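Structure first, commentary second.
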There are 2 protein chains.
Amino acid sequence: MNFNAITIRDIAKALGLSVSTVSKALRDSYEISTQTKKLVAEYAREHNYRPNPLAQSLKKGHSKTIGIVVSTIENQFFSQVINGIESVAYKAGFNVIITQTHESYELEVKNVAQLTHHALDGLLISLSAETKDVEHLQHLNKQGLPIVFFDRVSSDIKTHKVIADNLKGGYDATKHLIEAGYKRIAHITSPPNISITQERLAGYKQALKEAGRPIEEQYIKYCPHGGRDTEEVEIAINELLALPNKPDAIFTTSDRITTTTLFLLNKAGIKIPNDIALAGYTNTTLADVLNPPLTSVYQPAFEMGQKAADMLLQLILSKRPVTEFETITLPTQLFIRQSTHSVG
Amino acid sequence: MNFNAITIRDIAKALGLSVSTVSKALRDSYEISTQTKKLVAEYAREHNYRPNPLAQSLKKGHSKTIGIVVSTIENQFFSQVINGIESVAYKAGFNVIITQTHESYELEVKNVAQLTHHALDGLLISLSAETKDVEHLQHLNKQGLPIVFFDRVSSDIKTHKVIADNLKGGYDATKHLIEAGYKRIAHITSPPNISITQERLAGYKQALKEAGRPIEEQYIKYCPHGGRDTEEVEIAINELLALPNKPDAIFTTSDRITTTTLFLLNKAGIKIPNDIALAGYTNTTLADVLNPPLTSVYQPAFEMGQKAADMLLQLILSKRPVTEFETITLPTQLFIRQSTHSVG
DNA sequence: TTTATTTACGCAATCGTTTTCGTTTTAGGC
DNA sequence: GCCTAAAACGAAAACGATTGCGTAAATAAA
């Protein structure tokens with residue numbers, strides 16, 4: 001806005017009115033005559049007047065922008081969530097500012113600070129893989145900044161949350177592998193501190209238990225950065241392959257871990273599903289054209305974004321402090337494809 | 001910022017100073033004694049003072065935020081570009097606001113208006129597939145808003161631009177197909193009005209010409225929305241397949257067209273590359289694990305974002321109006337994979 | 001001791017709007 | 001023709017920060 005736009009004062013001067021009259025005319029106040037309103041409106045249109053949003057926000061005390069924190073928008077799951085958020089935010093006249101943590105706690109803290117440096121009406125966040133405490137958010141929340149968690153949430157802050165049914169997602173995938181005849185089902189997942197890891201792992205364990213299978217810790221591998229680095233997935237896979245009882249199936253969580261596992265197994269010449277079956281969380285639209293087509297747990301990302309934005313807007317627009325918070329759980333969908341074709 | 005943050009006035013009151021003194025102390029002015037500075041700094045830190053960015057921007061006349069317009073962040077090419085932009089913008093203390101056109105001219109105009117409604121120091125834009133005129137940008141540019149084009153540019157506005165070497169990209173892919181032994185090479189691309197279409201098409205034609213091949217319009221198909229809708233790709237493919245001389249290879253541009261073509265060919269039971277070979281533009285990290293692994297033209301998206309942001313910052317930060325503009329052309333890379341394995 | 005400087009701070013205008021609270025003008029009622 | 005009330009507009013104080021300028025106090029120079 002450094003470019004020279006015309007101001008309300010310019011209009012006032014040109015029309016021989018006061019700034020307050022112009023302002024009121026523009027906002028269609030009852031105090032202003034129809035004639036004057038027309039005059040002002042016309043002049044404003046002709047000269048392409050745009051109210052300075054900075055001044056408006058400063059005066060009104062809200063900026064009509066919300067912040068988003070995700071690990072990376074390169075992950076289709078998150079870009080879909082963001083699309084959902086934007087679809088409702090824009091309808092309500094809100095702008096969004098997106099920041100990425102790249103799974104780093106340090107960057108998360110920095111980004112949140114960056115965001116609040118700018119004027120924010122609310123924050124939508126999915127925690128980074130490294131994040132173990134949420135003091136940086138707690139403080140802001142106490143100060144009155146509305147926050148809504150989605151995907152990777154924290155139980156340490158009482159606020160609205162939107163998550164997928166991670167337990168069921170893990171359960172469904174694992175159960176499917178069991179029913180398809182696989183015996184030694186491994187699990188490669190994100191670090192244990194984040195909510196989705198715990199929930200999906202619980203689903204995995206529950207399915208095994210129900211089938212009377214033992215839960216073997218050697219089959220459970222964690223990637224400290226949720227698969228951000230290929231190496232961490234490679235280590236996990238190598239450890240699994242080095243086991244005396246190699247797994248005959250792998251259940252992966254997170255887009256990155258899933259696709260990296262697929263890549264590494266292919267690269268190692270391991271046939272999927274004949275040597276090892278693969279079922280993984282992913283929201284890529286490419287699951288159908290992968291080699292082989294991938295059995296996947298799909299999350300309603302767009303809806304998650306919509307819900308989260310809805311709830312945040314509700315918090316922002318609420319006249320009185322909200323004390324009752326809810327957690328929305330969205331169903332996931334298991335798509336069965338060739339990467340887990342039945343044994344025999 | 002509706003949440004009650006402390007202001008400079010609060011500090012002044014608490015410390016028995018004037019607001020100007022506090023402001024100057026915070027900005028480390030030579031006018032203020034070391035003691036007072038310490039006092040103020042300490043109080044500010046203890047009470048977690050953050051200058052109101054709105055007020056600062058209003059006063060200083062710049063907002064330290066830049067706007068980005070892309071077709072969709074779900075496209076990995078664009079999310080990579082955005083990563084590049086962010087990497088330089090944040091370093092310079094700038095925030096970015098991302099908007100998506102979803103290939104709609106109407107949405108593009110709307111978004112640009114939305115963005116300028118908010119305070120913007122500059123704009124980074126890749127035109128939508130529908131966009132044929134750029135008056136909505138010309139006006140802003142004339143008013144002094146710095147604009148840098150990337151990827152899909154317009155020749156109607158004189159400003160900095162960053163593009164990939166689209167001609168060479170199209171040329172390389174086509175030449176590779178020719179050398180691999182394919183005879184009837186089709187081309188499915190974006191609408192003819194956008195720059196990348198024209199340039200890549202020119203590369204395609206050049207390679208054919210050099211090889212002494214005829215250029216047959218029946219082999220060139222346009223998708224009005226750059227593959228946004230599966231149907232438009234389906235129509236193109238069906239038309240190609242209905243030809244008396246069906247193509248034995250297809251060169252596709254844009255991520256969406258490429259992956260959709262792959263999907264549709266697979267679905268139709270057409271073997272790649274045996275029945276029809278496929279080479280396509282894509283920046284997905286999944287090209288290696290597609291079925292089959294896809295020969296692709298890869299664009300240096302991250303670098304493109306960096307360069308574009310660099311140039312925009314240069315424009316924004318320049319003291320005097322810039323009149324000399326340059327267009328940077330980045331090289332693309334052809335990755336040869338199984339989808340175009342040599343004939344015979 | 002007087003004058004000149006420096007040091008350290010406060011006043012007030014400013015950025016562009018919004019909004020409260022006058023004030024003027026006009027019309028209406030008698 | 002006078003009073004009252006409504007209608008239409010303006011003055012000024014915000015919002016929170018920045019900054020040029022004025023000024024008191026402290027120090028140095030004469």
* What single numbered condition from (1) outside the structural domain of A:Leu107 (by TED's automatic domain parsing); (2) among the hydroxyl-bearing types (Ser, Thr, Tyr); (3) modelled with pLDDT of 95 or more fails to hold for A:Ser71? -> (1)
* If we scan the stretch B:210-226, do we find a residue that is open to solvent by 50 Å² or more (accessible area, probe 1.4 Å) and closer than 14 Å to B:Leu167 by Cβ? -> yes
* Just one of B:Thr260, B:Thr282, B:Thr252 is in contact with an Asp or Glu (Cβ under 7 Å, 6 or more places away or on another chain), buried (at least 24 other Cβ atoms within 10 Å of the Cβ) and within 14 Å of chain A (Cβ to nearest Cβ); which is it? -> B:Thr282
* Structure fact -> Going through (1) charged (D, E, K, R); (2) outside the structural domain of B:Gln198 (by TED's automatic domain parsing); (3) without any contact (Cβ under 8 Å) to a residue 12 or more places away in the chain one by one, B:Lys271 fails only at (2)
* Do we find a residue being surrounded by fewer than 16 Cβ atoms within 10 Å (Cβ to Cβ) and assigned to a helix (DSSP H, G or I) anywhere in the stretch A:87-94? -> yes
* Might you check whether a residue that is over 24 Å from B:Thr327 (Cα atoms) and of a type outside the set (Lys, Arg) occurs anywhere in the stretch B:134-148? => no
* Asked: From A:Lys175, A:Lys132, which residue is outside any loop (DSSP other than H, G, I, E, B), more than 14 Å from chain B (Cβ to nearest Cβ), modelled with pLDDT of 90 or more and out of contact with any Lys or Arg (no Cβ under 9 Å at 6 or more places or on another chain)?
  -> A:Lys175
* Pair list, Cβ under 6 Å, 6 or more apart: the stretch B:57-85 residue at negative phi and part of a loop (DSSP other than H, G, I, E, B), other residue among the small types (Gly, Ala, Ser) and open to solvent by 20 Å² or more (accessible area, probe 1.4 Å) -> none
* **Long-range neighbours under 8 Å by Cβ, at least six apart or interchain, first residue closer than 17 Å to B:Arg45 by Cα and in the same structural domain as B:Glu46 (by TED's automatic domain parsing) within the stretch B:17-30, second open to solvent by 40 Å² or more (accessible area, probe 1.4 Å) and within 7 Å of DNA strand C (Cβ to nearest atom)** => B:Lys24/B:Glu31; B:Ala25/B:Leu17
* Considering only the stretch B:192-209, state which residues are open to solvent by 10 Å² or more (accessible area, probe 1.4 Å) and not in a helix (DSSP H, G or I). => B:Pro192, B:Asn193
* What residue, of B:Val162, B:Val153, B:Val148, B:Val233, is open to solvent by 10 Å² or more (accessible area, probe 1.4 Å) and either within 14 Å of chain A (Cβ to nearest Cβ) or at pLDDT 95 or above (or both)? -> B:Val153
* Go through the residues of the stretch A:27-49 one by one and say whether even a single one is open to solvent by less than 70 Å² (accessible area, probe 1.4 Å), within 14 Å of another protein chain (Cβ to nearest Cβ) and either on the phi > 0 side of the Ramachandran plot or assigned to a loop (DSSP other than H, G, I, E, B) (or both). => yes
* Identify the residue in the stretch B:1-26 that is exposed (fewer than 15 other Cβ atoms within 10 Å of the Cβ) and aliphatic (A, V, I, L, M) and, among all such residues, is farthest from DNA strand D (Cβ to nearest atom). => B:Ala14
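The values are calculated or read from the model by the stated rules, or taken from the named source; none is laboratory data. What you are looking at is a predicted structure, and each value in this text was computed from that prediction instead of being measured. Reconstructed Cβ throughout: ideal geometry from the backbone, glycine too, with neighbour counts over all protein chains shown. Calculation scope for accessible area: heavy atoms of the full protein, side chains included, ligands and nucleic acids excluded. Shrake-Rupley method; radii C 1.70, N 1.55, O 1.52, S 1.80 Å.
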